[in-house]
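A.B. asks: Dropping a structure here in structure tokens format, bear with me for questions.
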Ligand SMILES: [Zn+2]
């Protein structure tokens, strides 16, 4: 399935998932808290939906299907990951077109690579910036997931943050199955150029280091944890509960190695999981 052919969306890397990023409060020169309406932020309308405060360039009804969906996502994220919900506002700034959005980003975040949407966390605010375009629903599900997760687990590791956001960016009816990533990784498997490696993902420290392979693999680990056995699902949930309290807690890779009933085979199992999803027959 050539889903990623649509990746021509972006010149750099040709990957739609490079269109999203998470920037931590420590990201250089990102003073999002200093961004004001004078910078051209959308302020024509404001809609509140649960934790979301949506600022748009255009009239947006509170009952708009996408608003309801994003509000409902809060419950899905909380239940899947067994995390509490927070009341901390997540601000969504929706620009009416890419020209307005691009001009804003160039002015306020000039060092950023071209992205369709992004999430910024500072000490005081959680904000999403996005242009209204064809893939706005997917982009907002992804970025809003970052907001919901960061509101309760600010120290979530980068790879897991992205893996979770990729999981929840899929339409709800897909139940976390990311067909684009399945197709991409299945292609890699057929080429013999992909081997899951959670240690490698855990070593990533900057969004700019993350390639399409990393996004896809991060999704794959999250899907394997949440959608295969109750034991694995609980392991991820327990890890998130721990990292919420103590960012220095034992890494997930170590727990998978030592706490699952079939230790040592996780990478092979993840590979088999992906192969089954992608209809790839693995050589024995
Ligand atoms: Zn992201």
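The values are calculated or read from the model by the stated rules, or taken from the named source; none is laboratory data. Just so you know, these numbers come straight off a predicted model, no measurement behind them. Heads up, the Cβs are rebuilt from the backbone with ideal geometry, glycines too, and the neighbour counts pull from every protein chain shown.
A.B. asks: Determine whether residue 145 is within 15 Å of the ligand (Cβ to nearest atom), surrounded by fewer than 22 Cβ atoms within 10 Å (Cβ to Cβ) and at pLDDT 95 or above.
C.D. replies: No, not satisfied.
A.B. asks: Would you mind finding the one in 185, 177, 92 that is more than 16 Å from the ligand (Cβ to nearest atom) and not in a helix (DSSP H, G or I)?
C.D. replies: 177
A.B. asks: Scanning for something in contact with a strand residue (DSSP E or B) (Cβ under 9 Å, 6 or more places away or on another chain), outside the structural domain of residue 145 (by TED's automatic domain parsing) and crowded, with 19+ Cβ neighbours inside 10 Å, does the range 171-181 turn up at least one residue?
C.D. replies: Within the range 171-181 (the criterion being in contact with a strand residue (DSSP E or B) (Cβ under 9 Å, 6 or more places away or on another chain), outside the structural domain of residue 145 (by TED's automatic domain parsing) and crowded, with 19+ Cβ neighbours inside 10 Å), the answer is no, since none of the residues qualifies.
A.B. asks: Return only the number of the condition from (1) touching a residue at least 40 places away in the same chain (Cβ under 8 Å); (2) more than 13 Å from the ligand (Cβ to nearest atom); (3) under 20 Å from residue 60 (Cα atoms) that residue 134 does not satisfy.
C.D. replies: Unmet condition: (1).
A.B. asks: Somewhere in the range 227-235, is a residue touching a residue at least 60 places away in the same chain (Cβ under 8 Å), touching a helix residue (DSSP H, G or I) at 6+ places or on another chain (Cβ under 9 Å) and surrounded by 15 or more Cβ atoms within 10 Å (Cβ to Cβ)?
C.D. replies: No: the range 227-235 contains no residue that is touching a residue at least 60 places away in the same chain (Cβ under 8 Å), touching a helix residue (DSSP H, G or I) at 6+ places or on another chain (Cβ under 9 Å) and surrounded by 15 or more Cβ atoms within 10 Å (Cβ to Cβ).
A.B. asks: Right, something else. Assess whether residue 104 counts as being within 16 Å of the ligand (Cβ to nearest atom) and either crowded, with 23+ Cβ neighbours inside 10 Å or assigned by TED's automatic domain parsing to the domain that holds residue 49 (or both).
C.D. replies: no
A.B. asks: Of everything in the range 118-131 that's farther than 15 Å from residue 161 by Cβ and touching a residue at least 40 places away in the same chain (Cβ under 8 Å), which residue is nearest to the ligand (Cβ to nearest atom)?
C.D. replies: 127
A.B. asks: Here is a further query. When the residues of the range 188-215 are filtered to those that are closer than 18 Å to residue 252 by Cβ, under 15 Å from the mean Cα position of the chain (by Cα) and part of a helix (DSSP H, G or I), which remaining residue is nearest to the ligand (Cβ to nearest atom)?
C.D. replies: Checking each candidate, the answer is 215.
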